[in-house]
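All remarks here apply to the structure that follows.
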Amino acid sequence: MARAGTSPARSKATSVAKSSRPSDALSREQRLSLYRYMRLTRVLEERLVALYRQTKVVGGLFRSLGQEADAVGSAFALEQRDVLSPLIRNLGAMLVKGATPLEVLRQYMAKGDSPTRGRELNIHFGDTEKRNFIGQISHLGDMVPVMAGVTLSFKMRGEDRVGLVYIGDGATSTGAFHEGINFAGVQRCPLVVIVENNGYAYSTPTHKQTAAKQFVDKAIGYGIAGVQADGNDVLAVYDVTKEAVDRARRGEGVTLVELMTYRRKGHAEHDNQSYQPPSEIEKWALENDPIDRFVKVLREQHQVTDEEFASIEAEIVALIDTATDEAEASPMPEPTDALVGVYADPAVIPPLWFRESVRSAVDSNERPASWGTYDG
Ligand SMILES: Cc1ncc(C[n+]2csc(CCOP(=O)(O)OP(=O)(O)O)c2C)c(N)n1
Ligand SMILES: [Mg+2]
């Protein structure tokens with residue numbers, strides 16, 4: 001899976017010998033926690049699929065099936081004060097950072113008590129006060145310059161904080177990605193950029209959107225460290241991310257981490273994946289499922305028993321059942337909710353400022369019954 005290579009970018013990364021991997025320091029409890037977050041992600045997404053089919057989800061539904069280890073293993077390497085910038089395939093990372101299934105369910109159903117009160121959908125929400133994950137603007141590169149700015153502010157204020165931003169393989173071909181990572185690189189911002197290489201950008205396979213052989217090579221062009229890892233091995237993901245986070249904390253700047261994985265579902269639930277060979281999907285499902293692989297490790301190396309797995313499962317299902325009932329009972333937003341809390345509150349500029357200079361035209365021409373329409 002992880003391809004070997006000798007590019008200068010990769011040689012910059014501190015290569016940790018197998019005997020001293022950061023994950024060696026994880027306790028049995030922490031390992032079970034990694035497993036729990038991956039299962040929580042998958043079961044929550046499965047519940048969302050059921051709700052989507054009942055037309056209770058508003059808008060699209062985005063899965064991270066087969067990619068759970070990327071999100072969970074990487075976010076696990078952050079401290080609470082560090083800032084995470086998730087994309088639609090990083091539900092697991094948000095859960096690690098403290099997002100709750102109830103918030104996610106309400107948000108997907110656009111409920112009035114959801115984090116964005118129905119103004120935004122899916123997992124586009126953030127908490128910059130306590131849990132430190134930010135709502136995404138776009139999947140297509142824009143979060144990289146945003147996180148360059150966030151982490152530059154840490155550096156300028158002398159704060160001991162690191163930022164982590166995810167980017168899809170397809171989005172590395174946008175201008176925003178280039179500008180953001182270049183700026184962060186030259187400013188030596190404490191930033192980790194994770195390229196989630198899942199083989200597709202919507203229906204476009206990787207080889208049709210970049211001539212680069214591997215994304216980790218792009219680190220060379222930016223003069224930053226670059227590492228590649230097996231994205232379906234949660235401990236390998238934790239290891240490379242922890243090393244990159246530690247590097248950033250030591251003031252050594254940006255690391256590009258390429259995680260090799262596979263998108264087993266379509267771009268979104270409405271996508272029939274006709275462009276993905278069924279045998280390819282099946283192969284990844286049977287031979288390289290990140291949860292199955294970790295279960296094997298937990299059983300063989302940590303003697304986790306059937307009873308322990310069953311009790312984690314029961315706890316997850318109970319949590320999601322309760323959250324689903326609560327989210328379904330939540331009210332839809334008030335229509336007038338759309339008018340508040342979008343811009344500065346109270347507005348800095350009066351909402352109808354544009355009418356002031358044409359007051360006379362408005363007074364003489366506008367129909368009295370409703371503003372904004374004219375008799376001609
Ligand atoms: C300007 C614009 N064009 C198209 C889209 C639709 N869109 C969202 S994500 C995406 C593909 C992203 O692929 P990749 O970066 O590989 O991420 P992945 O979905 O595989 O995680 C597209 C085409 C968009 N959001 N904005
Ligand atoms: Mg992709």
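The values are calculated or read from the model by the stated rules, or taken from the named source; none is laboratory data. Predicted model only: the values in this text are computed from it and were never measured. Note that each Cβ is placed from the backbone with ideal geometry, even for glycine, and that neighbours are counted across all protein chains shown.
Restricting to the stretch 158-181, what's the tally of residues that are more than 10 Å from ligand 1 (Cβ to nearest atom) and in a loop (DSSP other than H, G, I, E, B)?
5
Please verify whether the stretch 6-18 includes one or more residues that are assigned to a helix (DSSP H, G or I) and at pLDDT 95 or above. I'd like the intermediate steps shown before the answer.
Quick first cut of the stretch 6-18, residues assigned to a helix (DSSP H, G or I) only: 8-12, 18.
Retained after the next criterion (residues that are at pLDDT 95 or above): none.
Within the stretch 6-18, not a single residue is assigned to a helix (DSSP H, G or I) and at pLDDT 95 or above.
Okay, residues lined up against (1) under 26 Å from the mean Cα position of the chain (by Cα); (2) at pLDDT 95 or above; (3) outside the structural domain of D233 (by TED's automatic domain parsing):
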position: Q301; (1), (2), (3): no, yes, no
position: E308; (1), (2), (3): no, yes, no
position: V317; (1), (2), (3): yes, yes, no
position: W353; (1), (2), (3): no, no, yes
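Taking the condition surrounded by 14 or more Cβ atoms within 10 Å (Cβ to Cβ), more than 16 Å from ligand 2 (Cβ to nearest atom), closer than 30 Å to G185 by Cβ and among the polar types (S, T, N, Q), does T241 pass? Working first, answer last.
On the way: surrounded by 14 or more Cβ atoms within 10 Å (Cβ to Cβ): yes; more than 16 Å from ligand 2 (Cβ to nearest atom): yes; closer than 30 Å to G185 by Cβ: yes; among the polar types (S, T, N, Q): yes.
For T241, the condition - surrounded by 14 or more Cβ atoms within 10 Å (Cβ to Cβ), more than 16 Å from ligand 2 (Cβ to nearest atom), closer than 30 Å to G185 by Cβ and among the polar types (S, T, N, Q) - is met.
Could you please give the count of residues in the stretch 148-174 that are more than 13 Å from ligand 2 (Cβ to nearest atom) and either surrounded by 23 or more Cβ atoms within 10 Å (Cβ to Cβ) or of a type in the set (S, T, Y) (or both)?
Residues of the stretch 148-174 more than 13 Å from ligand 2 (Cβ to nearest atom): 148-165.
From what is left, the residues that are either surrounded by 23 or more Cβ atoms within 10 Å (Cβ to Cβ) or of a type in the set (S, T, Y) (or both) are 148, 151, 153, 162-165.
Adding up the residues that qualify gives 7.
Taking the condition of being of a type in the set (G, A, S) and either free of Cβ contacts under 8 Å to residues at least 40 places away in the same chain or not assigned by TED's automatic domain parsing to the domain that holds H270 (or both), how many residues in the stretch 34-63 meet it?
Qualifying residue count for the region: 1.
Taking R131 as the residue in question, decide whether it is of a type in the set (K, R), away from ligand 2 (no atom under 16 Å from the Cβ) and surrounded by 14 or more Cβ atoms within 10 Å (Cβ to Cβ).
Values: of a type in the set (K, R): yes; away from ligand 2 (no atom under 16 Å from the Cβ): yes; surrounded by 14 or more Cβ atoms within 10 Å (Cβ to Cβ): yes.
For R131, the condition - of a type in the set (K, R), away from ligand 2 (no atom under 16 Å from the Cβ) and surrounded by 14 or more Cβ atoms within 10 Å (Cβ to Cβ) - is met.
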